[in-house]
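Structure record follows, encoded as structure tokens.
The values are calculated or read from the model by the stated rules, or taken from the named source; none is laboratory data. Everything numeric here is computed off the predicted structure, so don't read it as measured data. Positions of Cβ are backbone-derived with ideal geometry, glycine not excepted, and every protein chain shown enters the neighbour counts.
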Amino acid sequence: MEYGEGKFQEGPGVELTEKQRKARRWRSIAIAFGLLFMVVAFYVASIAKFTPKMLEQQQQQQEQS
Amino acid sequence: MSVVDHTTAQVGISEAMPLDYLALMKPRVMRLVVFTALTGMLLAPGAIDPVLAIIAIVAIAIGAGASGALNMWYDADIDAVMSRTTNRPIPAGAIHASQSLNFGMVMSVLSVMTLGLLVNWLSAAILAFTIFFYAVIYTMWLKRSTPQNIVIGGAAGAFPPMLGWACTTGTIGWEGVVLFAIIFIWTPPHFWALALWKMRDYDDAHIPMMPNVAGKSSTRRQMLAYAALLAPLSIAPMLMGFAGVLTGVLSAALGASFLYFTFRVWQIAGADENLTAEKKLFGFSIFYLFALFALLLVDAVTFRVTGAYLLGAL
């Protein structure tokens, strides 16, 4: 059987047990929270890192003008 | 090309829960790492944005946890033999060793990159080196090959305060080196106290711990030497001016107590079959490190708030 013939779709496939399904759901939730934390952390840290420098630049521009 | 022919998921599908992955990260070790890194971060001169400080601490905690996962992946065989470690997720069958390896690698990269991009690259480099040192130098090389394993490997546990210092200052100061030295010198008597009453475990796992290789009396002598070194080191922060007099006096008492407990281990020399002195030293060693860094942390916060140390400085 060659890959790409579409025959892999036949048959019942892998059926997860209840315990495996539950574990997978909890792992997915944990990964989702992990990713959310990363996004929020990078967003907030970017603001914390760049805001003082931007304000400083703005002040310098105002003083020059 | 073969096709997977099983229709029920009895084999190869993970049943690991998020808490199993958390256990892989050695939460107790993570707590100590966070605590010592935070102390180093706040003792260091200069300001660090609170948001960046929190992110740095989380990244350091995850990096430490990643090295724990890599350690559990490599040590799964000996963890299964030793009573202290049989309940870890891999020997208990909750997680496959390869999952631990993947998890450890991903978390290592994420923590180092986060620290580098958001804090500074010196601290990221130290974190990367710490993970490498613990996972490769200690776990893969030293642990199974020399009785000096935890002496040299102890450096991995000693880096966090230096790491915290680097997060704030972007440099490695002598003060950071002193904090490193305190944990580095503390590690051998702490671990060997445990090794003395877990000798059979280490024998079964073929790990060449000092008591198993050099003998109990030699180990006790060496522990006493390290404790004698640790006592003056305990007051070095006060002498170098980055801790106050009150912290210095209490640290001296802690160092002297540590020396006393170790002296008792040497003096009794195993005459007590229950090894009570060793167990007391092990318990006190944990208290010593916690109390010393708590004092330094309180001093650092006091200095940042009031501009002076408790009872002043030398």
Checklist entry - Could we say that A:Ala41 is within 10 Å of chain B (Cβ to nearest Cβ), more than 30 Å from B:Ile95 (Cβ to Cβ) and modelled with pLDDT of 90 or more here? => result no
Checklist entry - Can you tell which of B:Thr85, B:Thr36 is away from every other protein chain (no Cβ under 14 Å) and more than 14 Å from B:Thr139 (Cβ to Cβ)? => result B:Thr36
Checklist entry - Do we find a residue being assigned to a helix (DSSP H, G or I) and surrounded by fewer than 16 Cβ atoms within 10 Å (Cβ to Cβ) anywhere in the range B:144-163? => result no
Item to check | Tally of residues being under 29 Å from B:Ser14 (Cα atoms), without any contact (Cβ under 8 Å) to a residue 60 or more places away in the chain and buried (at least 17 other Cβ atoms within 10 Å of the Cβ) across the range B:102-127 | outcome: 4
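Residues checked against (1) surrounded by 18 or more Cβ atoms within 10 Å (Cβ to Cβ); (2) over 19 Å from the mean Cα position of the chain (by Cα):
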position: B:Lys216; (1), (2): yes, yes
position: B:Ala228; (1), (2): no, yes
position: B:Ala243; (1), (2): yes, yes
position: B:Gly270; (1), (2): no, yes
position: B:Glu273; (1), (2): no, yes
position: B:Thr276; (1), (2): no, yes
position: B:Ala291; (1), (2): no, no
position: B:Leu311; (1), (2): no, yes
Checklist entry - Which condition number does A:Trp26 fail, the rest of (1) at pLDDT below 85; (2) within 8 Å of another protein chain (Cβ to nearest Cβ) being met? => result (1)
